[in-house]
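A.B. asks: Below: one structure in structure tokens.
The values are calculated or read from the model by the stated rules, or taken from the named source; none is laboratory data. Predicted model only: the values in this text are computed from it and were never measured. When we count neighbours, we look across all protein chains shown, and the Cβ atoms used for this are built from the backbone with ideal geometry, even at glycine. Side chains are part of the model used for accessible areas, which takes the heavy atoms of the whole protein and leaves out ligands, DNA and RNA. Shrake-Rupley method; radii C 1.70, N 1.55, O 1.52, S 1.80 Å.
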Amino acid sequence: PHVAALAEVRDVVLAELRSLEPLCSVPPAEGAFYCCLRVNVEADPMRVAERLIREHKVAVIPATAFGLTNGCYFRVAYGALEKATVAEGIGRLVTGLRKILESEDLRI
């Protein structure tokens with residue numbers, strides 16, 4: 001039952017993140033409890049993460065912490081979350097990223 005529940009959560013996360021295309025893309029990650037989100041504009045990942053926390057009350061980890069330094073990537077973890085919690089958080093993330101990526105002051 002846990003595998004099926006996790007698969008549902010993963011489907012919610014991936015569907016919502018893919019709604020950000022072409023601003024962002026989600027490289028495949030089979031079998032993980034997280035995914036990487038690639039922002040398809042030049043941006044400082046730490047600056048974007050700080051704005052997501054401050055302005056939208058959602059946190060992601062810049063993927064520079066995991067060795068992804070060529071581009072703006074974030075690690076989005078979902079393995080320990082309930083479906084309702086994921087829906088709330090991923091909604092904030094998607095809304096926040098849309099607003100941030102459309103703002104002029106983000107570009108570097």
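A.B. asks: Inspect all residues belonging to the stretch 89-104 and state whether any of them is in contact (Cβ under 8 Å) with a residue 60 or more places away in the chain, open to solvent by 20 Å² or more (accessible area, probe 1.4 Å) and closer than 17 Å to Val12 by Cβ.
C.D. replies: yes
A.B. asks: Could you list, in sequence order, the residues of the stretch 67-78 that are touching a residue at least 24 places away in the same chain (Cβ under 8 Å) and out of contact with any Leu (no Cβ under 7 Å at 6 or more places or on another chain)?
C.D. replies: Leu68, Gly71, Cys72, Arg75, Ala77, Tyr78
A.B. asks: Among the residues of the stretch 79-88, write down those that are at pLDDT below 85 and open to solvent by less than 70 Å² (accessible area, probe 1.4 Å).
C.D. replies: If the condition is that a residue be at pLDDT below 85 and open to solvent by less than 70 Å² (accessible area, probe 1.4 Å), then Gly79 is the only one that fits.
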